[in-house]
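The values are calculated or read from the model by the stated rules, or taken from the named source; none is laboratory data. The structure displayed is predicted, hence computed values, not measured ones. For neighbour counting, all protein chains shown are included, and Cβ atoms are generated from backbone atoms with ideal geometry for every residue, glycine included. All accessible areas refer to the heavy atoms of the entire protein, side chains included, with ligands and DNA or RNA removed. Shrake-Rupley method; radii C 1.70, N 1.55, O 1.52, S 1.80 Å.
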Amino acid sequence: QVQLVESGGGAVQPGGSLRLSCVASGNFFNIYTMEWYRQAPGKQREQIATISSGGNGAYANSVKGRFTISRDNAKNTVYLEMNSLKPEDTAVYYCFTRRGIVDYWGQGTQVTVSS
């Protein structure tokens with residue numbers, strides 16, 4: 001069983017920055033891919049960033065060049081650094097990992113970008 005707890009969301013003006021954190025419980029964090037998703041009102045949940053066990057990141061086109069995913073295996077934590085935020089980045093952001101055939105989601109953290 002894995003628990004994922006996100007934090008760091010909030011309200012920010014366009015052009016601002018936020019850093020999200022996701023702490024995972026349990027062992028062997030370092031060998032699993034970690035992912036960030038988001039879901040805007042009335043839209044489907046979309047994958048926006050992944051990081052492999054080796055630390056390689058990949059991004060959706062909508063956030064590439066603005067968001068950076070990273071991980072600290074000593075702290076069982078994955079981060080999402082978000083810069084140059086836009087109103088269309090407003091969404092609930094979720095941390096995700098899959099272990100075997102079991103999917104684990106965090107509870108989500110709200111990010112609101114508005115002037």
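A few remarks follow.
- Some residue of the stretch 89-103 being basic (Lys, Arg) and open to solvent by less than 60 Å² (accessible area, probe 1.4 Å): yes
- Residues that are crowded, with 17+ Cβ neighbours inside 10 Å and either touching a Ser or Thr at 6+ places or on another chain (Cβ under 7 Å) or free of Cβ contacts under 8 Å to residues at least 40 places away in the same chain (or both) within the stretch 79-88 comprise Tyr79, Met82, Leu85, listed in sequence order.
- Scanning the stretch 14-28 for residues that are on the phi < 0 side of the Ramachandran plot, open to solvent by 40 Å² or more (accessible area, probe 1.4 Å), in contact (Cβ under 8 Å) with a residue 40 or more places away in the chain and not in a strand (DSSP E or B) yields a total of 3.
- Of the residues making up the stretch 60-72, not a single one is small (Gly, Ala, Ser), closer than 23 Å to Val102 by Cβ and open to solvent by less than 40 Å² (accessible area, probe 1.4 Å).
- In the stretch 34-44, the qualifying residues are those that are buried (at least 17 other Cβ atoms within 10 Å of the Cβ) and of a type outside the set (A, V, I, L, M), and the one that is farthest from Gln3 (Cα to Cα) is Arg38.
- Matching entry among Gly65, Gly42, Gly57, Gly106 (being in contact with a Cys (Cβ under 6 Å, 6 or more places away or on another chain) and of a type in the set (Gly, Ala, Ser)): Gly106
- Neighbours by Cβ (under 7 Å, 6+ apart or cross-chain): first from the stretch 45-72, on the phi < 0 side of the Ramachandran plot and among the charged types (D, E, K, R); second exposed (fewer than 15 other Cβ atoms within 10 Å of the Cβ) and in a loop (DSSP other than H, G, I, E, B): Arg66/Asn83; Arg66/Ser84; Arg71/Gly55
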